[in-house]
Structure formats: C-alpha cells, structure tokens
Amino acid sequence: MVFSEQQRDGELSDRFRTESAMGVVGILGMGLVGSALAALAQHAGLAWMSVDGRASQIRSVDLWGTHVDLMSHHARDPEIVFVATKSFALESAMQKWMPTLRSGTIVVVLCNGLVDEELDRLQKDFPHFLLRRGMVSFGVKEVAAGRVSCVGATGHCVWGPVEGDDRTCPRAIEKIVIGECKRLYWNERAHLRVRIKWMLNTSLNCVLAAHEDSKINGDLMRHQQLAETVLNECWGYGCEHWDMERWSFAKVRAALWELVEDTYHNENSILRDLRTGRRTEWVHLCGVVDDEAKFPNLVALGRKIDARESR
C-alpha cells in the first residue's frame, strides 16, 4: 500500500482542516494526469476544483490500490493550480484562464516537452503570478470507461522554481500539498528533471509514433537500437544547452528502460492521440530540434510523425 506510512482514512486534525479549507487545489486540464492529481488531493483531504469548469470524463481513479471516486468542489480562488494540458494547448489555456485567478496564485506547469519559450511569454504577460515548472513520472492508463489506474512503482509528481527564478522556497500552500499528498514533492532543481523527462518521452513516444505497428510502451523493446540512438541525440542536445550536473548518459539510458518496464502495457500517449485523430505533442518533443546535421534521427522522427498526423 503506497500510503501505509500515514493512513488518511481517519479524521483529519483541526489544524489540517483549517489549512486545507484555506488552500484549494486547482486543476487545469482534467485528462488522465489531471484526474490522477485531483484524486491524490482528494484522498489527502484537500479540496480541489476544475479551473475551467469542465467535468472530467474520468469518474474514478485507482491510486496504486486505493480507489477514489472523484468529487470536485465548487470552490473559487485556488491558491495553487496544476496545469496538465497538452503542451501545444498550454499557452492558449493559460492566456484564457489565468486572468480569472487572483494575483499571487501559484501555477505549476506539468505538461510534457520543452515549453521554455511559452513560459517566458507567460511570465512577462502575468508577472503577478508565481509560475513553477514540474513533471509527472507515473503512468495513468484507462482500465474501463470512466475509470483509470495509476502505474509505476516509483512514479511521482515533482515541481520547483522555473529555471533562473530566485524564489526557490516552497510557499505555505505548497508545503501543505507536499506534506499531505503522497508522491507529490518539491525540488528546487525540478527543471533539470523536466529536461530528463523530455529526453525519455522523446525517445519513447516519438520512436513508437514513427512505427505504425506499435501500440504499447513495451513495443519499444523491438526498436531498442533506434531508441538509444535517439536518446543519445537528446543527451547531446541537452549537454549543449544545459548543465546536466550529476547526470550521465548511462543513468538516463537506465531511466528509459525503467520507464518502459514500469509502463510496459500502457497504450502510448502519442499513439493514443494518433489512433483517435487528435493532435500530438511531437512539436515539443523531437520537434524542438531542427539541426539535421547534428541530430538526424530526431529530425527524421519529426517528419515521420508530422506526415502520419497529417493524414
């Protein structure tokens, strides 16, 4: 049981009741990941709301063996908002909904891919909000109509300051959320973990999307050589642009195959989008690289996925 360290089935303390009543968690993007985050908050006793007012099509979430029936609160003015939109929808969604939030709201961007340019513009447009950057490493798969299950033994959600922001300490509501919700963590170097996840998602999602016979994440095992070649190009791009600190290519490669093992039977997210005729996130994955001489495989993957999506 994931939550065995501190069971939350009993009565919450008066202190926590008071603080959680003051600190409503907002979710923008009530898809698979957004619904899982809402379930984690609800299981911890925190009130949560859908920022855009859209009800999730997901009614129940299995949190690693703990069943949660989602019940949103009709509250206003969340103190913290987790943004779990698709990367291509990030800027338009935030331009629309951030003006409805009160000044000082903490906004944690969790979408996949590299969205640095979008974040720069949003920080300039909304200087009175505190933007954070984070990532989710657990998988969420649909097991029945309206029901999803979280997978990944070591998966978590981690966030911290946007790179270059000197506001490196968690605020009060962030301390409440990370203190009460299991698998939610603060890390002042979270932006580096976002870079690593970009490498993993690009190698996994884009390689699978380029092969029409692929269905689940485990199918990457059939393309191991290409996946590691693509990962090596991602690593090279990362070393050119960022300080990778104590990370090494060997460590990133091990993380890729651990991800595949943890989510082996999951339908890949880009493959699901292609199957259902929806727009994919490839532009913010392999599409951020355009130097074909240095990164030929990344550029080639982008062309293949673009052609497949355009059919």
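The values are calculated or read from the model by the stated rules, or taken from the named source; none is laboratory data. Predicted model only: the values in this text are computed from it and were never measured. Because the Cβ atoms are built from the backbone with ideal geometry, glycine has one as well, and the counts that use them run over all protein chains shown.
Among the candidates GLU118, GLU163, the residue that is among the acidic types (Asp, Glu), touching an Asp or Glu at 6+ places or on another chain (Cβ under 7 Å) and not assigned by TED's automatic domain parsing to the domain that holds PHE249 is uniquely GLU118.
When the residues of the stretch 138-161 are filtered to those that are small (Gly, Ala, Ser) and outside any strand (DSSP E or B), which remaining residue is surrounded by the fewest Cβ atoms within 10 Å (Cβ to Cβ)? Among those that are small (Gly, Ala, Ser) and outside any strand (DSSP E or B), it is ALA145.
What about GLY146, is it out of contact with any Leu (no Cβ under 8 Å at 6 or more places or on another chain) and touching a residue at least 60 places away in the same chain (Cβ under 8 Å)? Don't jump to the end; show me each part of the working.
Working: out of contact with any Leu (no Cβ under 8 Å at 6 or more places or on another chain): yes; touching a residue at least 60 places away in the same chain (Cβ under 8 Å): yes.
So GLY146 passes the test.
When the residues of the stretch 249-275 are filtered to those that are among the hydroxyl-bearing types (Ser, Thr, Tyr) and assigned to a loop (DSSP other than H, G, I, E, B), the one that is surrounded by the most Cβ atoms within 10 Å (Cβ to Cβ) is THR263. Scanning the stretch 37-58 for residues that are at pLDDT 95 or above and surrounded by fewer than 18 Cβ atoms within 10 Å (Cβ to Cβ) turns up nothing. Just so you know, in the stretch 62-91 the residues that are of a type in the set (S, T, N, Q) and under 30 Å from GLY238 (Cα atoms) include one that is surrounded by the most Cβ atoms within 10 Å (Cβ to Cβ), and it is THR85. Among the residues here, MET94 qualifies as of a type in the set (A, V, I, L, M), in a helix (DSSP H, G or I), out of contact with any Cys (no Cβ under 6 Å at 6 or more places or on another chain) and surrounded by 13 or more Cβ atoms within 10 Å (Cβ to Cβ).
Could you please find all residues in the stretch 276-300 being over 22 Å from the mean Cα position of the chain (by Cα) and part of a helix (DSSP H, G or I)? Passing the criteria: PRO296, ASN297, VAL299, ALA300.
Residue count for the stretch 169-187, restricted to those that are surrounded by fewer than 21 Cβ atoms within 10 Å (Cβ to Cβ) and on the phi > 0 side of the Ramachandran plot: 0.
For (1) under 14 Å from the mean Cα position of the chain (by Cα); (2) not basic (Lys, Arg), each residue gets a yes or a no:
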{"site": "GLY160", "(1), (2)": "yes, yes"}
{"site": "CYS169", "(1), (2)": "no, yes"}
{"site": "LYS175", "(1), (2)": "no, no"}
{"site": "LYS182", "(1), (2)": "no, no"}
{"site": "ARG193", "(1), (2)": "yes, no"}
{"site": "LEU200", "(1), (2)": "yes, yes"}
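Residues checked against (1) modelled with pLDDT of 95 or more; (2) more than 16 Å from the chain's Cα centre (by Cα):
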position: TRP64; (1), (2): no, yes
position: ASP69; (1), (2): yes, yes
position: ILE80; (1), (2): yes, no
position: VAL107; (1), (2): yes, no
